[in-house]
1. How about the range A:388-428: which of its residues are polar (S, T, N, Q) and modelled with pLDDT under 95?
2. Of A:Gly200, A:Gly280, A:Gly229, which residue is at pLDDT 95 or above, on the phi > 0 side of the Ramachandran plot and either part of a loop (DSSP other than H, G, I, E, B) or surrounded by 15 or more Cβ atoms within 10 Å (Cβ to Cβ) (or both)?
3. Limited to the range A:1-41, what total is found for residues that are assigned to a loop (DSSP other than H, G, I, E, B), at pLDDT below 60 and within 7 Å of chain B (Cβ to nearest Cβ)?
4. Only one of A:Gly50, A:Gly93, A:Gly89 is free of Cβ contacts under 8 Å to residues at least 24 places away in the same chain, crowded, with 23+ Cβ neighbours inside 10 Å and small (Gly, Ala, Ser); which?
5. Has the range B:155-168 got at least one residue that is farther than 30 Å from B:Val235 by Cα and out of contact with any strand residue (DSSP E or B) (no Cβ under 9 Å at 6 or more places or on another chain)?
6. Which one is farthest from the other protein chains (Cβ to nearest Cβ), of the residues in the range A:232-253 that are surrounded by 15 or more Cβ atoms within 10 Å (Cβ to Cβ) and assigned to a loop (DSSP other than H, G, I, E, B)?
7. If you scan the range A:356-403, which residues turn out to be of a type in the set (S, T, N, Q) and assigned to a helix (DSSP H, G or I)?
8. Somewhere in the range B:336-356, is a residue within 12 Å of chain A (Cβ to nearest Cβ), without any contact (Cβ under 8 Å) to a residue 60 or more places away in the chain and among the β-branched types (Val, Ile, Thr)?
Amino acid sequence: MAKSNYKLAKSSFPSAEDVHQVTLSNGITVLARSNFNSPSISMGGYLPAGAIFESDEKLGLADFVSTSLMRGTQTRNFDQIYNELESVGASMGFDSGVHNTNFGGRALVEDLPLLLQLLAESLQTPTFPNDEIERLRAQLLTGLALRAQDTSEMSSLVFEEILYENHPYGRPNDGFVETIQSITRDDMEKFHRLFFGPRGMVIAIVGAIQPKQAVEAVEKFFGAWQVEGQKEAQELPPLNPIKKIVKRHHTIEEKSQSDLVIGTLAPTRKSEDYMAASLGNSVLGQFGMMGRIGNVVREKSGLAYYAYSSLNSGIGPGSWEVNAGVNPKNLNKAIDLVEKELKKFVKQGVTKNELEDSKANYIGRLPLSLESNGGVVSAILNIHRYELGMDYYQRYESLVRSVKREDVVEVARKYIDPSKLVIATAGP
Amino acid sequence: MKNNITQVTLKNGMKVMLKEIHTAPIISSWIWYKVGSRDEPTGKTGISHWTEHMMFKGTKKFPSGTLDKAISRDGGRWNASTSRDSTRYFETMPADKIDLALRLEADRMQNTIITEKEVASERTVIISEREGSENEPTFQLSEAVQHAAFRVHSYHHEIIGDRADLLTITRDDLYNHYKTYYVPNNAILCLAGDFDTKTMLKKVKALYEKIPKGKIPPRMIRPEPPQKGEVRLSVEGPGETAFTQIAYHITNATHPDYFPIQVMESLLNGASGLSYKTARLYRALVDKEYAVDVSGWSESNIDPTLYRITITHRPDKTPEQALAVFDDEIKKIQNELITKEEITRAVKQAKAVFAYGSENITHQAFWMGYTSMFADYSWYTTYVDKLAKVTPQDVQRVAQTYLQPSNRVVGVYIPKGRG
């Protein structure tokens, strides 16, 4: 029997030896890794053209631009682009966040050149055809109408508005009806001209291809891309932490379930506090059937189908939040239970057993998260984005094991103050 | 595709399927029970799904609250789901930890403890799950269409069950359901991943062969009579966005027409798992600005099922206008032969989707069991070949046979907020 153990698994994790990293002369970083187990490849990446550049009046512009990229280029129209992709069972897409425009796709390995060619065209020579923009606008506005009816989305939107007041993280990436209506083709063309370019772009390719060939393919389609005056983003403005419990309810009539988000700020992904906070969060609202929160709200009280906590850490200050969907009449009861758990978490931290359980889970589940090409693409993009070091997955086990109970309670107290929480709810 | 699997039936009638894959130190284990929402009589709708929830409540060996922790501690991922035809449980574990999953499933096949207290607490959890779905206009529409399409067959109700039954199903109902259907000769265990087949089979036999077999539970079979005339319905609710769902009765997954129907679907609304922006319906409805989206899908079921298309409407066009354009597209595929190239395209799409799926061991174990619910594994391994044999004439014939107004239900979600 091919005896498997963690040591064997570890040797198959991405490392400096098998992730090929090259920076092209125009500043594009290429990351590539082979996996010949399946005849397919996954591709993903980003470039620093996010919502941070938008004005309040044009909220949703980066998002609108990213969804327009495949609606027409100097070489192909919308139908031709998708016909090329769909005919060979390939897929590709764009979206945007505060910092970046992200892209991703997959194909059979023989179609990688096609995928890269369409990616290059979409990023470098989009034409923003008027009729396509108007079609998209109608779709985006319908998306906003549906968002307005969605208790989960609206509670999150309200939560972020309060937690990140006067900060780019507090603005919804998909904008508002008025801002989407006000965006013109000129706005989009200008946004693309100023912020899209090779500097800061990262692309990762994983699959049935030698890394060197992958790099050559990227060089072929992107090597000549030059953009003069590509603008750089400003630093994130400082954030004013909330000073008390701030509670807000957003009414959506005739819904049978309400959603709630309770939380506060979290460390950045690069912060030294991250691993302790992440393990603490696992105990609080992830491990097993959604941790302590799931146990109290779902298992013991039967109040919700889902109740969990999450730590959303990125470039800037993240959020540490508890989410649940409950019957409107049980909303206050659920809020009380969650607040009580947060108080307990901050006061007592986690037990030795709880921490050991979560550590074992973090170490044991790694092979699963790195199983597919797509999983490896996001892992190596994260390593690059948050400067974790290409040996991150080799060090991962010792990083997890080094977290002590004291570390967890310390970060819990540093970030969570039960007297200073945002409590956002949406429903009838 | 090579059919490199081992299939064994244990002495107690339990079927075991094993597929060695040595690409990653992972094993996925799925156990499938032949019971789903179709087996529920009126008054007990939702009981299969509720029983699935109760299977997480523990046994004497793995008491309540320890099951999930045991799996998570070992770095595993596990879950369960209930469909119309089956109930299935899976664990995907680091390869050296799979024993836990095997022991756990063998134990809870026989020894799950179902208490009044746990049933009471789970009742509100499940009602909450239903309320979450009810928040979505498309769930409400889908449920109404399903009800109208199946008057006799027990595909009539949604898997989650009707609220009235969720309020009245008792602990004994759940326990009886569990005892009736959770017997080894009603189960299939599917394992894929990094193991040696002989060694693994030995382990499986040691754990499962001693479980006494039960009576083979009967399946509920009430064939749906042919629909005689188009059914139209509407659902009203909050919001500003209207939706239309069109559902045609189609065949089950083993009928010879199944594959031509798959090609027809991929032409009309795109291949499963891929974008669909060059599909005929998208071009006609979205590109021409009659709708903001149109998507379609069908289930692969034991009994004849539905092919559904959902249109998300634009505020400046009525559902009737969009439906007229939709009907023109249906007429086109009925009247004009498709090209051979269109079939080649559908085949290539399917090949790619299969290649993506083979990156994932959980996915591969899933397919062994999934196909065993209505056919056998060769259904999966010969899928692409069967697709390639479909002719333009086949597609035209199934379009003419199944896509008839008298064979469909058309449901519209009318938003009360639009004024």
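1. A:Gln394
2. Within the list A:Gly200, A:Gly280, A:Gly229, the selection yields A:Gly200.
3. 4
4. Values: A:Gly50 fails: free of Cβ contacts under 8 Å to residues at least 24 places away in the same chain; A:Gly93 fails: crowded, with 23+ Cβ neighbours inside 10 Å.
Just one listed residue meets the conditions, A:Gly89.
5. The first filter runs over the range B:155-168 and keeps only residues farther than 30 Å from B:Val235 by Cα, leaving none.
Within the range B:155-168, none of the residues are farther than 30 Å from B:Val235 by Cα and out of contact with any strand residue (DSSP E or B) (no Cβ under 9 Å at 6 or more places or on another chain).
6. Within the range A:232-253, the match that is farthest from the other protein chains (Cβ to nearest Cβ) is A:Leu236.
7. Filtering the range A:356-403 down to residues of a type in the set (S, T, N, Q) leaves A:358, A:361, A:369, A:372-373, A:378, A:382, A:394, A:398, A:402.
Matches in the range A:356-403: A:Ser358, A:Asn361, A:Ser369, A:Asn373, A:Ser378, A:Asn382, A:Gln394, A:Ser398.
8. Yes, there is a match, as at least one residue in the range B:336-356 is within 12 Å of chain A (Cβ to nearest Cβ), without any contact (Cβ under 8 Å) to a residue 60 or more places away in the chain and among the β-branched types (Val, Ile, Thr).
The values are calculated or read from the model by the stated rules, or taken from the named source; none is laboratory data. No experiment lies behind these values; they were computed from the predicted model shown. Ideal geometry is used to build each Cβ from the backbone, glycine not excepted, and the neighbour counts take in all protein chains shown.
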